[in-house]
1. Among the residues of segment A:346-357, is there at least one that is surrounded by fewer than 24 Cβ atoms within 10 Å (Cβ to Cβ), farther than 21 Å from residue A:176 by Cα and in contact (Cβ under 8 Å) with a residue 40 or more places away in the chain?
2. Are any residues in segment A:548-566 surrounded by 22 or more Cβ atoms within 10 Å (Cβ to Cβ) and in contact with a helix residue (DSSP H, G or I) (Cβ under 7 Å, 6 or more places away or on another chain), and if so, which ones?
3. Just a yes or no: is a residue in segment A:482-489 surrounded by fewer than 24 Cβ atoms within 10 Å (Cβ to Cβ), touching a residue at least 60 places away in the same chain (Cβ under 8 Å) and assigned to a strand (DSSP E or B)?
4. Being within 9 Å of another protein chain (Cβ to nearest Cβ), in contact (Cβ under 8 Å) with a residue 12 or more places away in the chain and part of a loop (DSSP other than H, G, I, E, B) is the requirement here; does residue A:33 meet it?
5. So which strands (runs of 3 or more DSSP E) are wholly in segment A:590-658 and hold at least 2 residues that are free of Cβ contacts under 8 Å to residues at least 24 places away in the same chain?
6. Return yes when residue B:115 is in contact (Cβ under 8 Å) with a residue 24 or more places away in the chain and more than 8 Å from chain A (Cβ to nearest Cβ) and no when it is not.
7. Would you say residue A:35 is surrounded by fewer than 22 Cβ atoms within 10 Å (Cβ to Cβ), over 30 Å from residue A:698 (Cα atoms) and in contact with a helix residue (DSSP H, G or I) (Cβ under 6 Å, 6 or more places away or on another chain)?
């Protein structure tokens, strides 16, 4: 797209004016005739079992219309994937309500009443008798030989052994304890490393350590981080003609219909989801929120629309948490800084529900990012009585990189190497390999990697050498430090569908199934289709966020998939429509289709041509594939249904992305930070930050910069402030509101940050695009951590966030004073 | 045109007109007027209204218009705006003065409407995000700055930031980037898009000065 008019250019997205005028409607902004309000009864205990519930007083209250108990929820349904594979429902997975709460704040029942005050009064009038059960909020405490279990059956997910040749047993909760000997080094602050659940390796680890000039063995903890989405997961539901209409935020309009219909055991055709605007997801609303079934079921029971407004405390309980990871990294370096061997062990903290795979998956990213010659990755995910863990921007990658980056920084200092240079030396390039070998002995690899270019560009932009020269110098009680970090995460998936129709009015009507989180990918990816069609942008009309409209099969807007996956799909649909337009023109005007070009809303060859409006009219006359009456065989059934509904309206572009891709897409970021620490108070300020992206072609620079810096600040919040705190004795949260665990404000970050991009197209995708949502996170987090150790020396911190008091204590005692192994402090 | 005609969402038990009720129903994509879903029902339930929860008819000045509305003593301005007056551009992110998403102007001063009782502002001028653009749809310069610079991502915090900025600029029409950051430091953005937001608001400040100069 070298001579592009749209791709790579800034523009005003079609949702923006509605947002600035307050007309954009989020879930809680809708109203329905006769709307009731729901309130939840939340568990006051971290683990308990309902012995009895008396709702009689509540139900007798005037204005109370329905009470919903856990026993009234439909049984969990199996999930049949896109490929026809059946994933059996997990009976012990998270549900919307429960009679055996496994964390404090878990919803137990719900009430619908004519107004919220009545509903709240009804909740107060309900008597619940809980049998208290054992609980634990610390994963390492649960792994001790006599440690408590978060569920009656145990503390980890696993599969029972089966006879050879039998299908694997379903996932179930099991007990796993380490030995007392495993905990021998615990009191020295060294993470115990007992039996793991997941283990892989490649290369000769022992030889690597033997040949190393420097071997480091470091323990480090990354805290839990609540998603803190600003729009709580409120939802409005009502039933009309047997169909459920639901207003709720999500990261995928299309795929959330599938999850809602599975939760409620409905035909997907009977679910209409309206989700034009979503106030933040960050992974926590991938395919909606299971709690949205509460207003749906209450609405059915009360025969009236139900609005469930979620409060901030409720949001902090049910909204999701990035799992904390305790990590230990043993790393062997050659004299020149090359990473010869890396032995990584990660203990992931989880809720008592489905396991979030952060600890298990993080090693792959590290293996790609630093290309260790030999590596072993071990991990275990331990259940605790804390709220559900959900994917959060750069899941797994963030924690693993946060555990390894300080080790790289320390090694560079010990070996007398420049921090940028050591990362460049170890950086991946081209089709770099990652992870363990498969059954055939082959290791996977990236489609491309240009992180070395990003480091070079950043070094120049940030004036690294100049700033480095002044780092460590005292100015009164202040001392400055500079830090650099690299980061990576997956950057795109494949195989989704594109769909649009050019109608006789000359306009291109695009159906976007992407969830609108404000990253603007819901719109940006369609610039690719408009570009290929030669369609002026002002003639492109995008529909999104209403599943009663025909929408194509679309990826979840998460894991940095969308920009790559859906621009490929848009490219496929536009290539389909362009070929059809040329065939029509050749048929009407003569010549060969190949001689025609598309530009300015026309298809033309030399002196002859016609408008796309005319092409649309001809397409309707010609029918068949031209107007969507005949469809490609390989479309997803969701797309086929949508395309059938749109057939006969004009020239249809519809296709599945079947473009080849050699390797898996990964994006990269290099982050550069300068901090100033006051050694008398322990307070520090981030003075400056620059992020350089390597994620292929950029579609929309402003949106891209917003992700690069915005996600970078999310990462900084891991270094600066955010964590969860749980009382170990009562199992209750002490971080229920923003003032107890506050995301950075505009004053906590540099006032003038900079971003830049390598902007080299990915060779394995026709649009050249990779996603950028995730890798900025670890770059932001670790650039701060590394700048702090640059300013203060090694051995100041052993867990993040790094708070003022921990800096002050470490400076006073000359060694790190934090306990890196206790959870939730 | 009477003010009722100009305000199809204005529905009070005392002053609802059939015509406006129907217009209210037609105006919303899913529904309706506020009468059907009052947050705290204005009709006492079988004579069991809790003491202290009796609503009083107030006259408020919102976005330059006089609005008559029944308000309970404990009702916050955010709830009145959102659930009685249909002004849902004002968002509730925390409901406890921590995030700033509900910021509106009260006599030109940015206030967290989640933490202001409606009864306390009945003599004051209230301005919300819906009141910024001109009647002909011309955007306020701060709104234009956001559009031109693609400020914000999910935008749930956006109306609060914009109202805080408009209020700040009334007293500080020519702020530096640093001063402007302080002016909106009571607003949280979890997309953490602060850098782009600040650039957009700075642009809005510059456009505001252009407008002021004529």
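1. No, segment A:346-357 contains no residue that is surrounded by fewer than 24 Cβ atoms within 10 Å (Cβ to Cβ), farther than 21 Å from residue A:176 by Cα and in contact (Cβ under 8 Å) with a residue 40 or more places away in the chain.
2. Residues satisfying the conditions are A:551, A:552, A:553, A:554, A:555, A:556, A:557, A:562, A:563, A:566.
3. No, there is no match, as no residue in segment A:482-489 is surrounded by fewer than 24 Cβ atoms within 10 Å (Cβ to Cβ), touching a residue at least 60 places away in the same chain (Cβ under 8 Å) and assigned to a strand (DSSP E or B).
4. yes
5. Counting at least 2 such residues, we get A:602-605.
6. Yes: the conditions hold for residue B:115.
7. no
So that you can scan it fast, the table gives a plain yes or no per residue for (1) closer than 28 Å to residue A:270 by Cα; (2) under 19 Å from the mean Cα position of the chain (by Cα); (3) free of Cβ contacts under 8 Å to residues at least 40 places away in the same chain:
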| site | (1), (2), (3) |
| --- | --- |
| A:502 | no, no, no |
| A:516 | yes, yes, no |
| A:534 | no, no, no |
| A:542 | yes, no, no |
| A:558 | yes, yes, no |
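The values are calculated or read from the model by the stated rules, or taken from the named source; none is laboratory data. Worth saying up front: this structure is predicted, and the values here are computed from it rather than measured. Cβ atoms come from the backbone with ideal geometry, glycine included; neighbour counts cover every protein chain shown.
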